[in-house]
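Visitor: Handing you a structure now.
Every number in this text was worked out from the coordinates using simple rules, so none of it is lab data. Since the structure is predicted, the reported quantities are computational estimates derived from the model, not experimental observations. Virtual Cβ from ideal backbone geometry, glycine too; neighbours counted across all protein chains shown.
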Amino acid sequence: MKLAKICKETLDALCKSDDLYRLSDLPEKLIDHIKTCNQCASYRNSLLETIELYKNYDIKLDKNTQKKLLCNACNKLKEDL
Amino acid sequence: MKKIDEELDLIEAAKKGDINAFNKLIKNYTQLIYSFSFKVCRNEEKAKNTLQDTLINVYKSLKTFDGKSKFSTWLYKVVTNNCLMLRRSEKAGKFISVDDIQFDSSSDHFISSAVDISSKETLNTELKEKLDEAIKKLPLKYRLVFILRDIEGLSIEETKNILNLSVPVVKSRLHRARNFLRNELKEYYEAS
C-alpha cells in the first residue's frame, strides 16, 4: 500500500518522538493529521500498546533474595579490601 | 529534598569505603537493576548474574560518579555496560552462571526466587513468549535504546548520555526498534 506523503512524515515523526503520549514535540500540522487520519492514529495506538505490553512484563526479586544478594556482594567487597 | 540529601550523604560515605552506607544506598536500586537486566537479556539467571556484577562494579566505580546526573542515570550506565560485557563473554563462550559459583555453605546466597510480577491476568504465557521472541530478534543496540527510553522512561537526552551516542543516532535507533516491535506484534493487535 502506498502511503501519502503526510502519512510517511507522521509515521517517521511518531517513531522518533520523545513524547508519544502527548506528542508535544510534533509539529501542529502532524498532530492535526493524526486526529483525522485513521491509519496514523491506529499506528500510533499500536506503538503505545507495544510499549505498554513491555512495561507490564516485569519480574521482581523477593525481599529475602534481594537481602542475600546484597549481603553476598558486601562480603565479597570486604574480602577484596 | 531530604531524600536526595540523604542519598548524597550515603554516596559520599560509600566513596570513602563505608560498605554499610553502600548497602543502604544500593538496596533501593536492586530491583531496578534486576528488572532492567531482565528486560535486556530476557533471562532470569543472566539478570541475576548482571545484578551481582553490577553491585560490585558500582561500589568499585562509585568514585567516578560526579553528581552531575541523577544517581539512577549513572547506575543505568553501569548496568548497561555489564549487560554488554555479559553478551561479550557469552559470545566468547566464557559465561559462568551464578549457580555454578561455589559459595561457603553458610551463605545460602543465590536462591532462585524471582517472582513474576507481570500482571498474570493481562499477560498470558503465549503473549509473553511472543514478546520475548520479538525483542530477542531485535539487535542489542536497538533494544537498549527502546528499553531505556520507552520502558524505563528516560529522556532521549539521558539515553544518549548513557549509551554515549548522539541524539540523531538515538532517534534513529528508537525509530527502528519501535517500528520493528510493533510489526512483530501486529498479529496480536489484529487478533484483539
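Visitor: Please order B:169, B:40 by the number of other Cβ within 10 Å, starting at the fewest.
Guide: Numbers: B:169 14, B:40 25.
Fewest-to-most Cβ neighbours within 10 Å comes out as B:169, B:40.
Visitor: Partner chain Cβ atoms within 10 Å, averaged over the residues of B:77-90 - can you pull that number for me?
Guide: 0
Visitor: Follow-up. Considering every residue in B:30-37, what mean count of other chain Cβ atoms within 10 Å of its Cβ is obtained?
Guide: Working: counts 8, 6, 0, 2, 7, 4, 1, 1.
Partner Cβ neighbours, averaged per residue: 4.
Visitor: In the protein assembly as shown, which cysteines lack any other cysteine Cβ under 4.7 Å from their own?
Guide: Those would be A:7, A:15, A:71, A:74, B:41, B:83, since no other cysteine Cβ in the protein assembly as shown comes under 4.7 Å of theirs.
Visitor: Mind jotting down the distance between the C-alpha centroids of the stretch B:12-49 and the stretch B:137-159, whole Å?
Guide: With the stretch B:137-159 and the stretch B:12-49 each reduced to a Cα centre, they are spaced 19 Å.
Visitor: Could you state, as a whole-number percent, how many of the C-alpha pairs of the stretch B:1-98 are farther apart than 22 Å?
Guide: Above the 22 Å cut-off, the stretch B:1-98 has 30 percent of its Cα pairs.
Visitor: At 222 nm, what helix-only mean residue ellipticity would the protein assembly as shown give, in deg cm²/dmol to the nearest 500, using -39500 (n - 2.57) for each DSSP H run of four or more?
Guide: Numbers: 14 runs with 184 residues, N = 273.
For the protein assembly as shown, the value works out to -21500 deg cm²/dmol.
Visitor: List the residues whose amide H sits under 5 Å from the amide H of residue A:60, counting only those 5 or more places along or on another chain, with H placed 1.01 Å from N in the peptide plane.
Guide: Under 5 Å from the amide H of residue A:60 lie the amide H atoms of B:115, B:116, B:117, each far enough along the sequence or on another chain.
Visitor: Could you work out, residue by residue across B:130-142, how many beta carbons of other chains sit within 10 Å of that residue's beta carbon, and then give the average as an integer?
Guide: Working: counts 1, 5, 1, 0, 3, 2, 0, 0, 0, 0, 0, 0, 0.
Across the residues of B:130-142, the mean count of other-chain Cβ atoms within 10 Å is 1.
Visitor: Measure of size requested: the Rg and Dmax of the stretch A:5-80, with Cα atoms as the atom set and Å as the unit; please supply both.
Guide: Using the Cα atoms of the stretch A:5-80, the pair Rg, Dmax is 21.7, 65 Å.
Visitor: Would you mind checking A:8/B:77; A:76/B:137; A:55/B:16; B:16/B:68; A:67/B:63; A:55/B:48 for any pair whose Cα atoms are more than 27 angstrom apart? It would help to have the intermediate numbers written out before the result.
Guide: Details: A:8/B:77 34 Å; A:76/B:137 36 Å; A:55/B:16 37 Å; B:16/B:68 19 Å; A:67/B:63 24 Å; A:55/B:48 20 Å.
In this structure, A:8/B:77; A:76/B:137; A:55/B:16 lie more than 27 Å apart at Cα.
Visitor: Taking the Cα centre of the protein assembly as shown as origin and charging only Cβ (+1 Lys, Arg; -1 Asp, Glu), how large is the dipole, in debye to the nearest 20?
Guide: The dipole of the protein assembly as shown has a size of about 800 debye.
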